[in-house]
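The values are calculated or read from the model by the stated rules, or taken from the named source; none is laboratory data. Note that the structure is a prediction, hence the values are computed from the model and not measured. Neighbour counts run over all protein chains shown; Cβ positions are idealised from the backbone, glycine included. In case anyone asks, the SASA skips ligands and DNA or RNA and just uses the protein heavy atoms, side chains included. Shrake-Rupley method; radii C 1.70, N 1.55, O 1.52, S 1.80 Å.
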Amino acid sequence: MTDHFEHYITRNIKAFYQKRLLPPILYLILSAVLWLLFPLSDMLWPKALPKDATIDEAYENGFSYVRASFRDLTFTGYTSGSSRHTNGYYYYGMWNGQCIIVLLSPSTCEEGLPEIDSITVRGRILEGKNTYPQLLERLAEDLDWTAEGIQKQMSGCYFSEPDFHPTLTFFMFALYFGFIAYSLLCLLLYIAYIRFPALSPPCQNLIVFGNPKKLLDEAEEELATLPQLATEDMFITEHYFIMTSPYGNAIVPIQEILWIYKHSTLQKFLWYHFSISYTMHITANKHLYIHCPKNIKSDIDGIMDYLAEANHNILVGFSEENRLKVQEVLGKPFHIEKLYAFLRRKI
């Protein structure tokens, strides 16, 4: 018994956070793969469109999201969009000796200026598909050119400012880097919790009752020496209630517990009800709340009976009367205490 429970709480805290290392590691690997496979860096920092290459050559060389400065653009008279909304205006001009089509946003070209002397914009180089050949045919008619002649003169690709989507790009990268930062933070915290279990939330919750490291060592010693009551993942020692389940770990001094109660949850899949699980709720001083989910009724009943016997001041069972008594004892927390209690509950 002693050997089995030697450093039992610490070992379970380490095992719990070791299992949680995988998701942030996988996300960081996925983020790196996405960065390498897709032109994410170009979306964030568009490269300058090479002046010594045609737009077709730039597209073939991997230039997708680019920054370009155009001169002497002329409005074609054609727009892109629907009958209700215009998202772009087609212009034509020259780039490295080749005639190109440039699609500008309405705000950039002031909704169709006849001519633009000079402009610097960010956009995408796209292959001319869908309605692009029809645009060239109509432009050929307007300029009194032949369809074959304009296709020889015009680039097979065109520059599109509306397809850059700066707002969507900013939002996407905010999420992308936000999740990377969150994953890195989780990874570093989990490693710290594995290396120093006393820094983990289950132990740091004890800071409101004393030194977390000393209380952890005391709980470890009592559990290793002689546990008073033990179920599969819940234990009672002389002074502590201890939980070491796959859903989390917790250490609570018995004398600090104010209220315990349980509620049942019907487990079902589609229309089939196959089991009932029970969750024990513990409310302790300093707004400490502990949930012990997915247990069997006999285990929780045994734990609750033993806790009530160990501390006669503990209120047992859920009722409005007990809730009001606990609220009167705890009082209304300050805003910072509410936030701290919320974070402790979520963690």
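Within the stretch 218-230, residues that are over 15 Å from T10 (Cβ atoms) and modelled with pLDDT of 95 or more have Cβ atoms under 8 Å from residues that are of a type outside the set (A, V, I, L, M) and open to solvent by less than 30 Å² (accessible area, probe 1.4 Å) in no pair, counting only partners at least 6 apart in sequence or on another chain. Residue count for the stretch 93-105 satisfying the condition of being within 13 Å of T79 (Cα to Cα) and not in a loop (DSSP other than H, G, I, E, B): 4.
Taking the listed residues T108, T120, the one that is touching a strand residue (DSSP E or B) at 6+ places or on another chain (Cβ under 8 Å) and either in a loop (DSSP other than H, G, I, E, B) or open to solvent by less than 60 Å² (accessible area, probe 1.4 Å) (or both) is T108, with no other qualifying.
For the stretch 57-70, a residue qualifies if it is over 15 Å from E161 (Cα atoms) and surrounded by fewer than 17 Cβ atoms within 10 Å (Cβ to Cβ), and the qualifying residues are E57, E60, N61, G62. Among the residues of the stretch 70-78, at least one is β-branched (V, I, T), in a strand (DSSP E or B) and over 43 Å from the mean Cα position of the chain (by Cα).
Within the option set S298, S264, being without any contact (Cβ under 8 Å) to a residue 12 or more places away in the chain and surrounded by fewer than 14 Cβ atoms within 10 Å (Cβ to Cβ) holds for one residue only, S298.
Please tell me if L199 is more than 13 Å from I251 (Cα to Cα), over 23 Å from the mean Cα position of the chain (by Cα) and open to solvent by 50 Å² or more (accessible area, probe 1.4 Å). Criteria met by L199.
Within the stretch 58-69, identify whether any single residue is of a type in the set (A, V, I, L, M), modelled with pLDDT of 90 or more and assigned to a strand (DSSP E or B), and answer yes or no. Within the stretch 58-69, one or more residues are of a type in the set (A, V, I, L, M), modelled with pLDDT of 90 or more and assigned to a strand (DSSP E or B).
Among the criteria (1) under 19 Å from Y91 (Cα atoms); (2) more than 28 Å from the chain's Cα centre (by Cα), the one E148 does not fulfil is (1).
For every residue, the table says whether it meets (1) buried (at least 16 other Cβ atoms within 10 Å of the Cβ); (2) among the aliphatic types (A, V, I, L, M).
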site: D144; (1), (2): no, no
site: I150; (1), (2): yes, yes
site: H165; (1), (2): no, no
site: F170; (1), (2): no, no
site: S183; (1), (2): yes, no
